[in-house]
Amino acid sequence: MEGLKRLEYRGYDSAGIAVPGAETSKNGKPPKGGNPLVVIKKKGKIAELRQAVPKDLPGNYGIGHTRWATHGSVTDINAHPHLDPGGKVAIVHNGIIENYTSLKEMLEKDGAVFVSETDSEVIAHLVAYHYDGDLEAAVKATLRHLKGTYGIAAIHADEPGRIVGARNGSPLVVGVADGEMLLASDVTALLAHTTNVVYLNDGEVVSMSPTEFKISDREDHAVDPKIDIITWKLEAIEKEGFSCYMEKEIFEQPESIERALTGRMEFEYGSAKLGGLNLSKKELHAIERVRVIAAGTSWHAGLVGCQLMESVARLPAQAELASELRYRNPVVEPASLYLAVSQSGETADTLYAMREIQRRGGSVLGICNVVGSTIARESDGGVYVHSGPEIAVASTKAFTSQLAAFYLLTLSLARMHDMSHHEGEKFLASLKAVPEAVRKSLLARDAIQAIAKRYAHYKDFLFLGRGLLYPIALEGALKLKEISYVHAEGYAAGEIKHGPIALVSPDTPSLFLVPNDYLREKTITNIKEIKARGGPVIAVGEEGDEQLAGIVDEFIPVPKVDPRFQPFVMVPPLQLFAYFCALELGRDVDQPRNLAKSVTVE
Ligand code: F6R
């Protein structure tokens, strides 16, 4: 139950557990005639499951799951674990079984009756069908039928203490502890018990008892386990006095950005060094184009990164939506550097796009937060952004750490081309100043809360920016949508006269990000266009900009920084604005409806 609680942040709509029945628990052996498993599952929050679980629940092993509905509505019955008709096999499954309809039909012809609408239930039926006294063998035989993605855990009433797990496309990690073994889709569920973990690879199966575990591939070849040590501390996944994880993570950004930069700034050379790229200086120098593949907030970081690469490193760069790239039959140029950017390192769209590029001979570097995640392991090299665990569904601190990684990479590439040592030093000085500037931008907290109180009840917002602040406008709009469920559109400020300006009215506030460079005047012109049509304007701009403060309805000041670094100081106020609007509207900030933290389905 505690492990499930730790996974709550990933987003779910129901939860359940399966443990051995009372008789098995007494003597470790199932009684003659069987001893069905105890399964308790509930739609809604884990708190509801907890209420349904009796205090004297038997057993010292079991499986559990938080389900995020894909096939079948959100009901108690569709929640996991699922049982076979005999009630002896219980399984939990993360992922999608693509051929479940034909498997179901096949089993139904054989008389099977299904109780749920899920794709997952076929797995329990198949394991029972193949079971002949060996759960591991039955799971392996089942896998031969399955097409799609899965992280599976299975137990059988006749094999007390044994859990079998299998992975294809959905993460699974084994926790090796003293006298107990654990299996989870995410290390945060294990941290309270152990920091020794083994990541399973696609195609691997683990069979575990309290004292040992064995990993093999589907063809039964033994796999040598590599034990990794998790360096995240348990406190990192606690709220530590904040009202929710999102608030904690927003305020942690000065430190998390610092972590992303630590050890990577080369002051002596006015450059940056990123270990892990697996590219020689010559190979880096030969790069002619950069392409980012990512989704959501990570894509927004990529949009900033690409603009920066182009203007600072003078390399053509484009950020692509992973879900689009994969099916577009992309041309993979040999001199392109591909960057797969992902906080979780498990996003299916990004992972599959990365594999598609690799299949075509392209090399992909990962920019990930979660250590040991699939993208981090399968990419050809890469950088960890070291944000620490990001628990709130809405991404905040990972975004600014991704930005930090892009700024470092841009600097090291720029220094191979156009940028002088002296220019490099100036860039580094500005980068070094970022954590402190972000700390200052968070000081606007109370002012932003007051503004959010006044504006949270509007139904539509426009978020507008130009240049490097255009992706930040997209990010601000995404944050507001995600956690407050208020409609918001992010737009390039210069583009709104081409259509969206029709939305402007006293009921549609616009939130402007006003840069402190050559685009400032142009942005102010755009503000005036909105004001002239009666639209309320909130502006985030440089502190002391009295002229700007004088023409807008609300002004949020951010500290003065080198214009190229404004994305760092502009995004925290937008995160706070979304956060306070969500609070005002009584939303569940950390677990917004319909969303999952790592989207491991297509
Ligand atoms: C936004 C958000 C999502 C993720 C997206 C990609 O707050 O959380 O848009 O950014 O699902 O996730 P990662 O970065 O894990 O690949």
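The values are calculated or read from the model by the stated rules, or taken from the named source; none is laboratory data. Predicted model only: the values in this text are computed from it and were never measured. All Cβ positions, glycine included, derive from the backbone under ideal geometry; neighbour counts span all protein chains shown. Accessible surface areas use protein heavy atoms only, side chains included; no ligands, DNA or RNA. Shrake-Rupley method; radii C 1.70, N 1.55, O 1.52, S 1.80 Å.
Filtering Leu274, Leu284 for residues that are part of a loop (DSSP other than H, G, I, E, B) and more than 21 Å from the chain's Cα centre (by Cα) leaves a single hit, Leu274. Based on what the data block shows, is Val115 surrounded by fewer than 18 Cβ atoms within 10 Å (Cβ to Cβ), of a type outside the set (Phe, Trp, Tyr) and in contact with a His (Cβ under 9 Å, 6 or more places away or on another chain)? Here the answer is yes, as Val115 does meet what is asked. Among residues of the range 114-126 that are assigned to a helix (DSSP H, G or I), those with a Cβ under 7 angstrom from a residue that is among the small types (Gly, Ala, Ser) and open to solvent by 10 Å² or more (accessible area, probe 1.4 Å), sequence gap 6+ or separate chain, pair up as His125/Ala112. Only residues that are more than 11 Å from the ligand (Cβ to nearest atom), free of Cβ contacts under 8 Å to residues at least 60 places away in the same chain and part of a helix (DSSP H, G or I) were counted across the range 338-358, and they come to 3.
Restricting the search to the range 306-327, which residues are more than 16 Å from the ligand (Cβ to nearest atom), assigned to a loop (DSSP other than H, G, I, E, B) and crowded, with 19+ Cβ neighbours inside 10 Å? Residue satisfying the conditions is Leu315 alone.
Can you spot a residue in the range 381-399 that is more than 25 Å from Ala236 (Cα to Cα) and part of a helix (DSSP H, G or I)? No, the range 381-399 has no match at all. Counting only strands (runs of 3 or more DSSP E) wholly contained in the range 462-565, the ones carrying 2 or more residues that are within 16 Å of the ligand (Cβ to nearest atom) occupy 487-492. Here Pro330 clears all of (1) more than 16 Å from the ligand (Cβ to nearest atom); (2) farther than 17 Å from Leu409 by Cβ; (3) within 23 Å of the chain's Cα centre (by Cα) except the condition numbered (3). All conditions but one from (1) small (Gly, Ala, Ser); (2) in a helix (DSSP H, G or I); (3) open to solvent by 10 Å² or more (accessible area, probe 1.4 Å); (4) closer than 20 Å to Ala319 by Cα apply to Ala405; the one that does not is (3).
A single member of Tyr485, Tyr491 is of a type in the set (Ser, Thr, Tyr), under 30 Å from Ala392 (Cα atoms), open to solvent by 10 Å² or more (accessible area, probe 1.4 Å) and free of Cβ contacts under 8 Å to residues at least 60 places away in the same chain, and it is Tyr491. In the range 496-510, the residues that are modelled with pLDDT of 90 or more reach residues that are part of a loop (DSSP other than H, G, I, E, B) and open to solvent by 30 Å² or more (accessible area, probe 1.4 Å) with C-beta atoms within less than 6 angstrom, at least six apart or across chains, in these pairs: Val504/Arg533; Pro506/Gly534; Pro509/Tyr458.
Looking only at the range 286-300, filter to residues that are open to solvent by less than 10 Å² (accessible area, probe 1.4 Å) and more than 22 Å from Met416 (Cβ to Cβ); which one of those is nearest to the ligand (Cβ to nearest atom)? In this case the residue turns out to be Ala294. For the range 363-378, the set of residues classified as under 14 Å from Asn278 (Cβ atoms) and in contact with a Phe, Trp or Tyr (Cβ under 9 Å, 6 or more places away or on another chain) consists of Ser363, Val364, Leu365, Gly366, Ile367, Ala376, Arg377, listed by residue number. Look at the range 580-602: where a residue is assigned to a helix (DSSP H, G or I) and a partner is among the hydroxyl-bearing types (Ser, Thr, Tyr) and more than 10 Å from the ligand (Cβ to nearest atom), sitting 6+ places away or on another chain with Cβ atoms under 6 Å, you get Cys581/Ser484; Ala582/Ser484.
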